[in-house]
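Here's the structure we're looking at; comments come further down.
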Amino acid sequence: MTCWGSDIGFTEAMIDTIAGKACIDRDAVFVTGFSMGGYYTNNLGCARPDLVRGIAPHSGGAKDMDCATPVPTMVIHGDADGLIVGSCGVAAGEKWARSNGCASTSTPRPIMGGTCQVSDGCPPDAPVETCILAGMAHGWSGGTVGAYAGGAQYEDGARMAWAFFEALL
């Protein structure tokens, strides 16, 4: 069990509780998280791919991942993040690309304020994109309110994640 064990148990219980009260498609559960929630999102996808269809960690990294099952992943991170440095986002994307069986090359896709590197050669059901926002500090891309708003000059992280998830349906 990892240090995330009780958090993963909570997440599983939360999904079960919601499924007991509402009709949900368990094959369409997607997860995103910001900062330490981004770390958690990476770890949840790795440890319990049976719980999630895809992940989009934002401004978080990944530690000691050795994932047995591919998980569709979009990593979003600012390259001027002084709290969780941008290289952590790049490293997380690289880890997912290796874990998912993608090629070591990628194709750039421009976004407002940055670029997404779409990993080449991934399985059709396990794409990996690593989106880096140029000059963005520790914040949610596109956000304009609050201490951790990345700024309107950047592509909206929520919209990017949703578009990535929606393409998996």
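Tabulated data for the structure shown
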{"item": "Chain lengthening between ALA68 and THR107 when straightened (0.36 nm per residue, less Cα-Cα)", "result": "11.6 nm"}
{"item": "Value of relative contact order over the chain, rounded to a whole percent, pairs C-alpha under 8 Å and six or more apart", "result": "17"}
{"item": "Table column - 3J(HN,Hα) (Hz), region 148-154, Karplus curve with 6.51, -1.76, 1.60, x for Gly and Pro", "result": "10, 7, x, x, 6, 6, 10"}
{"item": "Fluctuation leader among ARG109, ARG98, ARG53 - the chain, Gaussian network, Cα springs under 10 angstrom", "result": "ARG109"}
{"item": "Over the chain: helical MRE at 222 nm, DSSP H runs n ≥ 4 each giving -39500 (n - 2.57), nearest 500", "result": "-10000 deg cm²/dmol"}
{"item": "Cα shape, region 110-169, gyration tensor, a/c 1.5 rule", "result": "prolate"}
{"item": "Between region 73-90 and region 105-127, the alpha-carbon center distance in angstrom", "result": "15"}
{"item": "For region 5-166, share of DSSP beta bridges that run antiparallel, in % to the nearest 5", "result": "40"}
{"item": "Cα shape, region 11-169, gyration tensor, a/c 1.5 rule", "result": "oblate"}
{"item": "Whether region 63-136 is rounded, prolate or oblate, judged on the alpha carbon gyration tensor where a/c under 1.5 counts as rounded", "result": "oblate"}
{"item": "Mean separation of Cα contacts under 8 Å (6+ apart) over length of region 75-150, as relative contact order %", "result": "34"}
{"item": "Ascending count of other beta-carbon atoms within 10 Å, so fewest first, for LYS21, LYS63, LYS95", "result": "LYS21, LYS63, LYS95"}
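The numbers here are math on the coordinates, done by the rules we state, and not lab data. Predicted model, so just to flag it, every value in this text is computed and none were measured. Cβ sites come from the backbone with ideal geometry, for glycine too, and all protein chains shown count toward neighbours.
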